[in-house]
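Undergrad: Below you will find the structure I want to go over with you.
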Amino acid sequence: MNRKLINWGLGIGTPLLLVAAWWAVSQNSTNTFFPPLATILERFQALWLFDHFGSDVLLSLRNLALGYALATVIGVGLGFVTALVPVVRWALDPLIHFFRGIPPVALVPIFISLIGFGIEMRLVSIILAALFPTLIATVDGIRSVDPSLKDVSAVYRLTRTEKLAQVYLPAAGPQIAAGMQVSLQVAFIVMIASEMLGASQGIGAMTLLAQQSFMTSDMWAGILLLGVIGFGANMLFELAKNKVLAWYVGSRRLAKS
Amino acid sequence: MNTTDTNPALNPAGTTDMTADSTSGNAGGATAPPRLEVTALSKTYGSGANAKCVIEDLTFTVNTGEVVCIVGPSGVGKTTLLKCLAGLQPATSGTAAIDGRTIAGPPPEMALVFQDYSRSLMPWLTVRKNVRLPLRHLHLPTQEMNQRIDTALEAVGLAHAANQYPWQLSGGMQQRVAIARALAYRPEILIMDEPFASVDAQTRFELEDLCLKIREDFGMTILVVTHDIDEAVYLSDRVVVLGSKPARVLDVIGIDLPAPRDQISTRSLPEFAEQRTTVLSMIRKPA
Amino acid sequence: MNRNLRQLLVSAGGIAAALALWQFIATGPMAGGPLPPVSATLAELAGLLADGGFWTALADTLVIALAGLAAAAVAGVVLGVLIGSFEPVRYATLAVLEFLKPIPPIVILPLVVLVFGPTTEMSWFLVFFGCVLPIIVQTVAGVHDADPVTLDTARSYGLGRTEILARVTLPSAMPFIGTAMRVSAPAALVITVVAGLLGGGPGLGRSIYQAQAGGDYPTLYAYVVVLGLLGLAFQGASQLAERRLLHWHASYREVLTP
Ligand SMILES: Nc1ncnc2c1ncn2[C@@H]1O[C@H](COP(=O)(O)OP(=O)(O)OP(=O)(O)O)[C@@H](O)[C@H]1O
Ligand SMILES: [Mg+2]
């Protein structure tokens, strides 16, 4: 009991202590690379909560959300078709595997060359890059659905829609979710990269611009915001996953104990 | 074959002379066509060098309203046979037919309780929803659907676990969920693969009696694979003994025990012991 | 046999159709535009292979990725074992690690470029930063996962701390570390490319940036094709290595399918 309390204290205390240490050490810093934390937070507030909230923060987040949502829908849909229709699978398999080898960020220059620096480019980059992890996971997930469950569906003559929505989708759910989590990471990375590579709007662009013009505090503020978004997006995903896949989480926990 | 028309049996053949037509199918021709008819069925898995013949030239019938048990050594091909009957595996040669119609896919009037019960339940659905899943496309009125589910769950003694997930239940409970699912579906032909293998003795007796009761109530035709000779004798009108690899019918033994059967009085009849010995000696006999 | 042949034909047909579509768009509706024809890309690819600069860039990329990965592996396992072996330390670092883990290295790229400039060290550091966290987290999980009964047994036989570490803790953490390495190896390549593309570090990433900035589209596409093949090689190699090294482990399959 006491031990537990100490552990909890450590868990919460250490990060607070680290932040406090950062604050203290950097307080009188004149090092151009490492400005005082107080200044960074000031700039954070000024930049992201006021000046650039509508023009950049919301823009980036909207691209991320929209691109990721589309990537997920397309990825799962295409994954179903690929997994269930042999001809499609045979035809697409080598292509999918080739595209999965390409670092997602390397696709951004191609889209820039094709559609320019606009918002469409950023959206398309996010969608295409984030598509593959979900697509591949969906194919794998559906291909590994327990044959017994397929037999049950056949014996009880479930309709095609029932089979897809009530058997294949939930059975492949854990794997699809794992793929979607990777897709979220990729979408986030490509969001930043597509903004850094020549866009003039967005959090990534602002952060890189600040770095290039040696406005270090602004750069730090950007890094901080991106870090918070990366962490927050992942946490939201985890929460949603644990809710949707509660049956899976529960059964795993039971199997382990 | 002289009877190809699909006319359901006029008289439930539960109590007619069963030994007469046991090995010769419906060659007698006088009675109604059998509900389920397996004719010279063979099944080979794989092809070429790694072909494996599991069933060879299997013939037997099941009449409407009959309870027939299949016994045979482990690995002989009982599950494979049931998969052929349920239209999950195509026969390599020969046919299985319902009312004279050759089975090509899962027949609508049939339900199957799988041997691998734990893997045949959807882990993401609660017990109740598992039982409900096959009923949804039957478009029953909500009230009837709910009532069927409740009755089935009560019959297997799981009403209290309706809102739990299968993985929260013991093996025997999971097995009973699978049985409840089949019962709620109300098939005309119910096929079960070692359905009572992992339940305790008390529950086992109750489920056996449940099996006989639904036959009475709904006129179901029931085919059960079991390892338990006593169970086979107690439940059956006839016992199909499979033997050797690949699987063949060694014998079909008619069980002449008075109805209604009762766990205590039936099992203590001298005839029960006799029939049991007959089946047992059939199994022990080298093929 | 027959089926395999048909599958092969369809696969080949899929690739051929994709290439044909590409060629058609590049020479038809978008002729003269930024999409180079397949033929030009392949010619450029062949040209690259004969070009010393390409091989230098490739070597740079590989060296940075592998060096960063190796350093991350060593540091990650050592730190992971330390953190995992002491309960208070594990709790103290939990929140920090959990916060940092989902943050990709591209986030700190501006800072790292500011400090190191567009250099090999910059790329290397970014790879290190990106790979070390997952390896630490997995190692901690692996150490924590060591069977308590085995640990007690080892202790009751009077094994020392280091002996327990070498005989019990590390072997039981191996599959976790293996998984982390399998995920990290392709990531190392990706991060190297990102560092080159966005931070100007040496290697294929920088080549791609230069090709795009200079409007040299066939070269751009040729580089992306090279990266695709390289990525596949990294994934294949790391999967193979993991399977080779860990096939003996009972929990290996368990860990693989989380
Ligand atoms: N899909 C399959 N492919 C190849 N061989 C199979 C397949 N399914 C079953 N077999 C083989 O067929 C044989 C019979 O298997 P089956 O499951 O039908 O036996 P069973 O009589 O039900 O055994 P048990 O009583 O142990 O359940 C076994 O040797 C098995 O290895
Ligand atoms: Mg079986």
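Undergrad: Out of curiosity, is C:VAL10 surrounded by 15 or more Cβ atoms within 10 Å (Cβ to Cβ) and either in contact with a Pro (Cβ under 7 Å, 6 or more places away or on another chain) or assigned to a helix (DSSP H, G or I) (or both)?
TA: For C:VAL10, the condition - surrounded by 15 or more Cβ atoms within 10 Å (Cβ to Cβ) and either in contact with a Pro (Cβ under 7 Å, 6 or more places away or on another chain) or assigned to a helix (DSSP H, G or I) (or both) - is met.
Undergrad: Another question about this same structure. Return yes when A:GLY173 is at the interface with another protein chain (Cβ under 10 Å from one of its Cβ atoms), in contact (Cβ under 8 Å) with a residue 60 or more places away in the chain and within 20 Å of A:VAL81 (Cβ to Cβ) and no when it is not.
TA: Taking the combined requirement at face value, the residue satisfies it.
Undergrad: Answer with yes or no whether B:THR61 is within 30 Å of B:GLY219 (Cα to Cα), in contact with a strand residue (DSSP E or B) (Cβ under 9 Å, 6 or more places away or on another chain), more than 16 Å from ligand 2 (Cβ to nearest atom) and away from chain A (no Cβ under 14 Å).
TA: yes
Undergrad: So, one more: What are the residues in region B:80-93 that are touching an Asp or Glu at 6+ places or on another chain (Cβ under 9 Å), crowded, with 18+ Cβ neighbours inside 10 Å and of a type outside the set (A, V, I, L, M, F, W, C), if any?
TA: Scanning region B:80-93 gives a single hit, B:LYS83.
Undergrad: Which residue pairs have Cβ atoms closer than 7 Å, lie 6 or more positions apart in sequence or on different chains, and pair a first residue in region B:72-97 that is at pLDDT below 90 and of a type in the set (Phe, Trp, Tyr) with a second residue that is within 12 Å of ligand 1 (Cβ to nearest atom) and part of a strand (DSSP E or B)?
TA: none
Undergrad: For region C:99-117, which residues satisfy the criterion of being surrounded by fewer than 16 Cβ atoms within 10 Å (Cβ to Cβ) and more than 7 Å from every other protein chain (Cβ to nearest Cβ)?
TA: C:LYS101, C:GLY117
Undergrad: Given the structure, is A:ARG157 among the charged types (D, E, K, R), surrounded by 16 or more Cβ atoms within 10 Å (Cβ to Cβ) and not in a helix (DSSP H, G or I)?
TA: Yes.
Undergrad: Here's a follow-up. Within region A:11-20, identify whether any single residue is over 30 Å from A:LEU164 (Cα atoms) and more than 14 Å from chain C (Cβ to nearest Cβ), and answer yes or no.
TA: Looking through region A:11-20, none of the residues is over 30 Å from A:LEU164 (Cα atoms) and more than 14 Å from chain C (Cβ to nearest Cβ).
Undergrad: Test A:THR134 against the stated conditions and say whether it is more than 14 Å from chain B (Cβ to nearest Cβ), within 30 Å of C:GLN210 (Cα to Cα) and among the hydroxyl-bearing types (Ser, Thr, Tyr).
TA: No.
Undergrad: Turning to a different aspect of this structure: Do you know which residues across region B:51-71 are within 12 Å of ligand 1 (Cβ to nearest atom) and assigned to a loop (DSSP other than H, G, I, E, B)?
TA: Correct list: B:ALA51 only.
Undergrad: If you don't mind, another one. Going residue by residue through region A:193-215, is there one that turns out to be among the polar types (S, T, N, Q), buried (at least 20 other Cβ atoms within 10 Å of the Cβ) and within 15 Å of the chain's Cα centre (by Cα)?
TA: yes
Undergrad: Moving to a separate point now. Taking the residues in region B:71-123 that are among the acidic types (Asp, Glu) and within 14 Å of chain A (Cβ to nearest Cβ) as candidates, determine which candidate is nearest to ligand 2 (Cβ to nearest atom).
TA: Step by step, filter region B:71-123, then rank; the result is B:ASP116.
Undergrad: Name the residue that is farthest from B:ILE229 (Cα to Cα), counting only residues in region B:189-212 that are within 16 Å of ligand 2 (Cβ to nearest atom), out of contact with any Cys (no Cβ under 9 Å at 6 or more places or on another chain) and within 14 Å of chain A (Cβ to nearest Cβ).
TA: B:ILE191
Undergrad: Would you pick out the residues in region C:7-20 that are within 11 Å of another protein chain (Cβ to nearest Cβ) and modelled with pLDDT of 85 or more?
TA: C:LEU8, C:LEU9, C:VAL10, C:SER11, C:ALA12, C:GLY13, C:GLY14, C:ILE15, C:ALA16, C:ALA17, C:ALA18, C:LEU19
Undergrad: Mind telling me which of the residues B:THR226, B:THR221 ends up being farther than 21 Å from B:ARG128 by Cα and either basic (Lys, Arg) or within 16 Å of ligand 2 (Cβ to nearest atom) (or both)?
TA: Going through B:THR226, B:THR221 in turn, just one is farther than 21 Å from B:ARG128 by Cα and either basic (Lys, Arg) or within 16 Å of ligand 2 (Cβ to nearest atom) (or both): B:THR226.
Undergrad: Return the total of residues in region A:150-170 being at the interface with chain B (Cβ under 9 Å from one of its Cβ atoms) and in contact with a Ser or Thr (Cβ under 7 Å, 6 or more places away or on another chain).
TA: 2
Undergrad: Is it true that C:PRO36 is free of Cβ contacts under 8 Å to residues at least 24 places away in the same chain and either in a loop (DSSP other than H, G, I, E, B) or β-branched (Val, Ile, Thr) (or both)?
TA: Answer is no for this residue.
The values are calculated or read from the model by the stated rules, or taken from the named source; none is laboratory data. Since this is a predicted model, take the numbers as computed values, not measurements. No Cβ is skipped: glycine too gets one built from the backbone with ideal geometry, and neighbour counts run over all protein chains shown.
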